[in-house]
Amino acid sequence: MTRCAALLLSLLLGSAPAWAADSPSVQVQTVALKQQTMTDTVSGYGVVSPDTHALQTISLPRAGQIVALLVSAGQVVKKGTPLLEFGT
């Protein structure tokens, strides 16, 4: 049994250089490690949808009511677009 395992192992190891010759080689370059600041910007694309089961509390400095909703559910808005009108 040991002879059979040794023979099988020697056959496998003997054919390893043949496998290595078939794989393509790739040139790599290494650089020294250095400390630097990472950027804080990450860009991405997708759809943002709220959790319909969540409740959002908004606190304002004075009492009042929402007079008008200026957007509807699913509407695309840009930064700075008013979402509602608030009256005191």
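The values are calculated or read from the model by the stated rules, or taken from the named source; none is laboratory data. These numbers come from a predicted model, not from an experiment. Don't worry about glycine lacking a Cβ; one is built from the backbone with ideal geometry, like all the others, and counts go over all protein chains shown.
A single member of Val47, Val77 is outside any strand (DSSP E or B), at pLDDT 75 or above, of a type in the set (Val, Ile, Thr) and surrounded by 10 or more Cβ atoms within 10 Å (Cβ to Cβ), and it is Val77. Restricting attention to segment 52-74, the residues that are surrounded by 10 or more Cβ atoms within 10 Å (Cβ to Cβ) and either in a loop (DSSP other than H, G, I, E, B) or within 26 Å of the chain's Cα centre (by Cα) (or both) add up to 3.
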